[in-house]
Amino acid sequence: MKSFDYVIKDPVGMHARPAAVLAKLVKESMTDVIITANGKSVDASQLMLVMGMGIKMGTKINVTIEGAKEEEAEEKLKEFFESRL
């Protein structure tokens, strides 16, 4: 299992476009990815659940990755968050 924290820097927060890209990345990674923020945890491959978290700028999230290719998925997800959020 891999895990990392990230603070959202995008002024709009986690909105539809990055949430959709995130869900696609997670599905392609063939790993289980859980996002935890504001006391809630959701499956990152579920677009509507991620959107429903209300993640705003300044929110600290935790990303937990589990599966056969978790190291590769961790690198891609870190890159995604740094470039998009």
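Name the lysines eligible as straight-distance cross-link partners of K9: C-alpha to C-alpha under 16 Å, and not fewer than 8 places from it in the same chain.
The reachable lysines, counting only those whose Cα sits under 16 Å from K9, are K56, K60, K78.
Note the angle between two axes, namely the Cα long axis of helix 16-29 and the longest principal axis of the Cα atoms of the chain, as a number of degrees from 0 to 90, rounded to the nearest 10.
Between helix and principal axis, roughly 10 degrees.
Order by neighbour count: M51, M14, fewest other Cβ atoms within 10 Å first, most last.
Lowest count first: M51, M14.
Place a +1 charge on the Cβ of each Lys and Arg in the chain and a -1 charge on the Cβ of each Asp and Glu, then give the dipole magnitude about the Cα centre in debye, rounded to the nearest 20.
In total the dipole reaches around 420 debye.
Just to check I understand the Karplus step: with θ = phi - 60° and J = 6.51 cos²θ - 1.76 cosθ + 1.60, what whole-Hz values come out for the range 44-50, glycine and proline as x?
Once rounded to whole Hz, the list reads 5, 7, 9, 3, 5, 5, 5.
Quick one: which of 1-13, 35-47 comes out on top by average Cβ neighbours within 10 Å, and what's the full order, highest first?
Taking the mean over residues of other Cβ atoms within 10 Å, the ranking is 35-47, 1-13.
Just from its helices, what would the mean residue ellipticity at 222 nm be for the chain, if runs of 4 or more DSSP H residues each count -39500 (n - 2.57) and the sum is divided by every residue, rounded to the nearest 500 deg cm²/dmol?
-12000 deg cm²/dmol
Kirkwood Rh, Cα Rg: Rg to Rh for the chain?
A ratio of 0.91.
Taking amide H positions as placed 1.01 Å from N in the peptide plane, with prolines and chain starts having none, which residues 5 or more places from S3, or on another chain, fall under 5 Å of its amide H?
Placed amide hydrogens put I65 under 5 Å from S3.
Report relative contact order for the chain in percent, whole number only (criteria: Cα-Cα under 8 Å, sequence separation at least 6).
Relative contact order, the chain: 45 percent.
Each value in this text was obtained by applying a stated rule to the coordinates, not by laboratory testing. What you see is a predicted model, and the numbers here were worked out from it, not measured in a lab. Counting neighbours? That spans all protein chains shown, and the Cβs are built from the backbone with ideal geometry, glycine included.
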